[in-house]
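K.L.:
This structure is in structure tokens; I'll ask about it shortly.
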Amino acid sequence: MAHRPSRSLLSLLCFAASVAAQSPFANTPHPLAQDRSQGAASVSVADCKQWLGTLASPEFEGRQTGQPGFQKAADFVADHFRKLDLQARGPASSYFQTVPWSATKVDAEKTFVSFETGGKEVLRVPADRLTGAASAALSTSGAVVLLVIEAPEVTGTGRNMQLPKIAGLDELEIENKVVVVYVRPRADQRAAETLAKFAVRQGLAGKNPAAVLFAQDATPAGGITGRSGAGRRAGNPAIAGARRSPLDVTFGGNDLLAMLKAGGQDASVLTGTAMTPSFSLEAKVEVALTEGQAPAMNVWAVLPGTDPQLKDEYVVVGSHLDHVGMRGGLHPGADDDASGTTGVMAVSTMFVKNKIKPKRSILFVCFCGEEDGLIGSDFFAKNCPVPLSSIVGELQMDMIGRDEEENREGDRGEKAEDNRTSLHLIGTQKLAPALHELCIAKNEAAGFSLEYDQEGMFSRSDHANFAKMGVPIAFFFTGLHKDYHETTDTPDKIHFEKLLRVATYVYDIAFDLANEPGRPEIEPELWAKYRGKAAETPAAPLKGGAPTKDDATKGGGK
Ligand SMILES: [Zn+2]
């Protein structure tokens, strides 16, 4: 009996068939110059499907920087570079530039919360019956203050969520005490509990409690995780608050009932009106951590140029390798940014497979820590393995696999079917007009309907760390969509023919940048009005031959 495909598989196949069949790029050629067409022809849609499918696979766990899934993705890309025999210039001839990313691991053996009365331990809650996160070790004890709070109603949404004020916290005397907070949840508002917990933390900050613990009805699972990474997402109080406080630990279930009993109370106190019911118990909080470097590296490789002079100049082709991981379920990040990393894998293959090699060198790099605040590319630009002044341009691919549509905020009225051939060109008019003109010229063959209405996204990807140093950049972006940063950003929704067309377009632009005698120069007026620059003089040459940054540091002479 032939296997009858299941309903969901059927709708998936129809969707895939409609996408593939109807791609305008499938039927329109992308004519490239003779000297580079061989390379362009070396990568197929099938290759892109295979690479992206691997990057967005559950095995890579959403590629969060600092987590094992990211290490797997980094090894996968490094392996690709190795197979292409690209130069590995990292330490120990690796393709990695390690980015400082501390990871704290909880030592479960030495981590627990215990309760005592009359100097005798009456309850011990081991690490596997606790949940939360810790970024600093702790060894403390004190009398327990039980705090029973009703979660206030949440006002505002998203970034406009208002932090509730919890009455009565100011009057609390909790110096050197262990505060156990029980927040009565609101069935109608899940966020209320999180915000109430944060409001309690804020309210108790500065009162020097020995520790603040949370208690809940259910027995927690998941243990206490260490923290890794750096950077902070602006405006989200819950995350900012968690980073500010060293310990976020919750216990519950039978352990909560046992604690209440040991302190002379029972469960009725949790539904009572008393904010601080009488309670007599001592607590000890022990959190032991081990600190280490988490998997966080920029993955980079070099195709050396052939020209004796120009080989010391570089065209950088970049993407970010990381995504948001398993926060609230697997986030495959097929478009963000497995599509761009697939683009880097495609462009590197094209250059290697092309018989004619470039005069300037090509540096391929997939950054880490982008989702945490462009951390990897900031580190790369500040610890650049090649002189910044030698970089003639950074070509960044971030989200190049979809057709722009309404995003979550629903503010753009875009429809995917209207954007089958659209591509945003971002940042090319900010520094070096010659690079912009080159992109426009190369689009003759690529055939995109180029759009310029997403300049607001300029600071949202890794190229920004190069631009602020005065390196010309071009950011390629197909647009936002409903699946942005959702668990639904999956490979089946990728417009692969478009992805490959973008990669081939970037290859064509890079080929010219690598072979033209001149390099894009920074327009002095543009540099003068460039906001957020991180250098007095730009790394790339200013039009009209003003001295570059390196000349300035080398006392002005080449
Ligand atoms: Zn991205």
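K.L.:
Loop-only check: which trypsin sites (Lys or Arg not before Pro) in the stretch 295-358 are DSSP coil with at most 14 other Cβ within 10 angstrom? Mind dumping the intermediate values first?
P.N.:
On the way: sites: LYS311, ARG327, LYS353, LYS355; in loops: ARG327, LYS355.
Filter output for the stretch 295-358: ARG327, LYS355.
K.L.:
In terms of modelled amide H atoms, which long-range or inter-chain residues lie less than 5 Å from the amide H of ILE391?
P.N.:
HN-HN under 5 Å from ILE391: TYR314.
K.L.:
Using the Cα centre as the reference, give the magnitude of the dipole from point charges on the C-beta atoms of the stretch 105-292 (Lys, Arg: +1; Asp, Glu: -1; all else neutral), rounded to the nearest 20 debye. Please report the intermediate quantities before stating the final value.
P.N.:
Details: 21 positive and 20 negative charges, 133 e Å.
Its charge dipole is roughly 640 debye.
K.L.:
Using 18 Å as the Cα-Cα cut-off, could you pick out the over-long pairs in LYS49/LYS493; LYS430/LYS543; LYS110/LYS197; LYS430/LYS498?
P.N.:
On the way: LYS49/LYS493 11 Å; LYS430/LYS543 14 Å; LYS110/LYS197 26 Å; LYS430/LYS498 26 Å.
In this structure, LYS110/LYS197; LYS430/LYS498 exceed 18 Å between Cα atoms.
K.L.:
Okay, next question. Under a 1.4 Å probe, what is the accessible area of the chain per residue, stated in Å²?
P.N.:
Numbers: 23970 Å² over 558 residues.
For the chain, the per-residue accessible area is 43 Å².
K.L.:
Consider a paramagnetic label point 7 Å from the Cα of ALA267 along Cα→Cβ; state which residues of the stretch 165-191 have an amide N under 18 Å from it.
P.N.:
182-187
K.L.:
With a point put 7 Å past each Cα toward its Cβ, work out how far ALA535 is from ALA92 in nm, to one decimal.
P.N.:
3.2
K.L.:
Heavy atoms only, probe 1.4 Å: what % of the accessible area of the chain goes to carbon and sulfur, would you let me know? Mind showing how you got there, number by number?
P.N.:
Values: 12730 of 23970 Å².
Whole-percent figure for carbon plus sulfur exposure: 53.
K.L.:
Let me ask you something else. Indicate, rounded to the nearest 5 percent, the antiparallel portion of the DSSP beta bridges found entirely in the stretch 105-292. Intermediate values should be presented prior to the final figure.
P.N.:
Numbers: 24 of 44 bridges.
If I count the DSSP bridges inside the stretch 105-292, around 55 percent turn out antiparallel.
K.L.:
Å³ per residue of the Cα convex hull, for the stretch 105-292?
P.N.:
Here the figure is 118 Å³ per residue.
K.L.:
Treating the beta-carbon of each Lys and Arg as +1 and of each Asp and Glu as -1, no other charges, what is the dipole magnitude of the chain about its Cα centre, to the nearest 20 debye? If you can, show how the numbers build up before the last one.
P.N.:
Numbers: 59 positive and 69 negative charges, 146 e Å.
So the dipole magnitude of the chain works out to roughly 700 debye.
K.L.:
Positive end of the dipole of the chain, charges at C-beta (+1 Lys, Arg; -1 Asp, Glu), about the Cα centre: which of LEU500, LEU303, HIS323 has its Cα farthest in that direction?
P.N.:
Of the options given, the answer is LEU303.
K.L.:
Can you pull out the trypsin sites (Lys or Arg not before Pro) in the stretch 131-227 whose DSSP state is coil and whose Cβ has at most 11 other Cβ atoms within 10 Å? Working shown, then result.
P.N.:
Numbers: sites: ARG159, LYS165, LYS177, ARG186, ARG190, LYS197, ARG201, LYS207, ARG227; in loops: LYS165, LYS177, ARG186, LYS207, ARG227.
Taking the stretch 131-227 and a limit of 11 other Cβ atoms within 10 Å, the loop trypsin sites (Lys or Arg not before Pro) found are LYS165.
K.L.:
Using C-alpha positions alone, give me the convex hull volume of the chain per residue in cubic angstrom.
P.N.:
On the way: hull volume 112.1 nm³, N = 558.
Residue-normalised Cα hull volume stands at 201 Å³.
K.L.:
For the chain, which span is the longest to avoid every loop-located (per DSSP) member of GluC sites (Glu not before Pro) having at most 13 other Cβ atoms inside 10 Å? Before the final figure, lay out each step's value.
P.N.:
Values: sites that count: GLU153, GLU171, GLU173, GLU175, GLU409, GLU536.
Of all site-free stretches, the longest is 176-408.
The values are calculated or read from the model by the stated rules, or taken from the named source; none is laboratory data. Because the structure is predicted, anything quoted here is derived from the model rather than measured. Positions of Cβ are generated from backbone atoms using ideal geometry, with glycine treated the same way; all protein chains shown enter the neighbour counts. Only protein heavy atoms, including side chains, enter the accessible area calculation; ligands, DNA and RNA are left aside. Shrake-Rupley method; radii C 1.70, N 1.55, O 1.52, S 1.80 Å.
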